[in-house]
């Protein structure tokens, strides 16, 4: 299968040259930005989205909501790890060379890529994280999936993957994150619930402000007022 998509008339190759051709006409500084973004930047953005998701989940209305959401958030990086492990035998079986090894004229923005091309690890990792975030929190999940799509575009732009490598990574990451989610959540939810009932570690699951709001709603008294719409511990919405 090493010769897969080696024909220049193949739509996969044509799209590769169309997207990678943008790098040839772009200024050098933009290519450097895309190189950093595709190799590290989007993954760093994923971490920030995950932290924002964690902060929001801690302030949900009920403890059960926070626990279930945090279990989903923990599953996101675990799903990414499982997907990368599944990809190891796939890459060894397909043995597809990097596109710049079979096709001349590509603008390769990053060197040192000597492993096989299908399936893209970066696309697999990013989409598994994005879909895992979606399991935990719809809004942050949409942001994570958008970042994963941008990651796939960057990998083709950089000349290190075929479009089908990226699509395969998206499919693999999505399948792992969704299909194994019920089992993962069944195992993670009791663990997160136990952490929530502990002392200081419980604040990783539930914020003090959320606890106060829950108690206030239970006994039917108004929530504590703050000095302004953005001040104090209750300034952020759930």
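So which of 42, 90 is touching a helix residue (DSSP H, G or I) at 6+ places or on another chain (Cβ under 6 Å) and over 30 Å from residue 190 (Cα atoms)? Result: 42 is the single residue among 42, 90 that is touching a helix residue (DSSP H, G or I) at 6+ places or on another chain (Cβ under 6 Å) and over 30 Å from residue 190 (Cα atoms).
Taken over segment 85-99, the criterion of being surrounded by 19 or more Cβ atoms within 10 Å (Cβ to Cβ) and not in a loop (DSSP other than H, G, I, E, B) is satisfied by 87, 99. Listed by first and then second residue, the pairs linking a residue in segment 89-102 that is more than 15 Å from residue 12 (Cβ to Cβ) to a residue that is buried (at least 19 other Cβ atoms within 10 Å of the Cβ) and modelled with pLDDT of 90 or more, with Cβ atoms under 6 Å apart and 6 or more places separating them unless they lie on different chains, are 90/119.
The values are calculated or read from the model by the stated rules, or taken from the named source; none is laboratory data. All figures in this text were calculated on a predicted structure; none of them were measured in a lab. Note: ideal-geometry Cβ built from the backbone for every residue, glycine included; neighbour counts use all protein chains shown.
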